[in-house]
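Input: a single structure, listed below in structure tokens.
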Amino acid sequence: MASDKEKSSGAAEAMDTNSPYYLHPSYYPKQLQVNKNLTDSNYKDRIQEMSNFVFAKNKIGFVDGTLPKPDKTDDKYMPWMRCDAMIKGWLTTAMEKEIRASVKYASTTIEIWKDLQERFGKESTPRTYELKQSISATRQEGASVSSYYTKLRGSWDGIDSVLPSPRCDCGNCTCGIGKKITELKEKEKMYEFLMGLNADFLVMRTQILATKPLLGLGETYHLVAEDEQQRIIAVGNKPLPVPDAAAFGASQTGNQDG
């Protein structure tokens, strides 16, 4: 059994606002709100929101295993159990009904977290194909460069989440493999961005592709957006064309006056 001194120590830590065992009076089990509940098709997006929320509450150790469950005789056992129960409430609130039912008998948060990773955290081939198909079909089609780029960025981020880049395992990497992979992925995105631009960016696209060394994605976007802005300014400085209907009406008036 824990001594009175150990119990006092555990209680003191539970009251320390910097301690992971601290529970603010405003915390409640259904506090975590996400844009959409976690399903089998949006795991990567929702789990990131859930992880960010838990991290912000200084409770990430309960889900990543770095703060394991203490023995029952440990003075931190009850504070740990209270925190873990609160986090389980946060996580299950953000799940769709069927998934929530499948994890309700998990005894700890880490069990829930591992179960979700095992079921939904694997690479999703259908989802990857869907995102790749979306990227290849995305075109500017009269939208602003910013809107078009933002749409592509959403698909790129989705690809990165379901199909992460391989990492170098040599420790303090000096082989440059990681950097090379990143550069290749950025180059692929740059090509995809240029391919979907409107036809009036043909000259700019040709100039960018002729640049040596090849520009990065950020530089490419900046040049295209700048070209678009110059076009808008140029059009704004010209006299507005008379609409056909108005021109027809003016000609009719002129004929009548004659």
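Descriptive notes on the structure:
- Two-site FRET efficiency, Met81 against Ser102, from Cβ-Cβ distance with R₀ of 22 Å, rounded to 0.05: 0.50
- Spacing of the modelled spin labels on Glu130 and Tyr28, each 7 Å from Cα toward Cβ, amounts to 3.4 nm.
- Using a Förster distance of 25 Å, the FRET efficiency for Lys185-Asp40 (Cβ separation, nearest 0.05): 0.40
- Above-threshold pairs, the threshold being 32 Å between Cα atoms, out of Lys36/Lys59; Lys36/Lys179; Lys69/Lys185; Lys57/Lys180: Lys36/Lys179; Lys69/Lys185; Lys57/Lys180
- When you filter the GluC sites (Glu not before Pro) in segment 104-166 for DSSP loop state and at most 15 other Cβ atoms inside 10 Å of their Cβ, you are left with Glu123, Glu141.
- Working from label points 7 Å from Cα in the Cα-to-Cβ sense, the Glu118 to Met15 distance is 4.1 nm.
- Of Lys114/Lys151; Lys44/Lys114; Lys30/Lys72; Lys44/Lys97, pairs whose Cα-Cα distance is over 22 Å: Lys114/Lys151; Lys30/Lys72
- Chymotrypsin sites (Phe, Trp or Tyr not before Pro) restricted to DSSP loop in segment 59-126 with at most 11 other C-beta within 10 Å: Tyr105
- Separation between Cα centres of segment 39-63 and segment 71-120, rounded to whole Å: 12 Å
- Each Lys and Arg contributes +1 and each Asp and Glu -1, all at the Cβ; summed about the Cα centre of segment 4-120, the dipole is approximately 340 debye.
Any read-out appearing in this document is the output of simple, stated calculations on the displayed coordinates, not a laboratory observation. What you see is a predicted model, and the numbers here were worked out from it, not measured in a lab. Quick reminder, even Gly has a Cβ in these numbers, built from the backbone with ideal geometry, and neighbours come from all protein chains shown.
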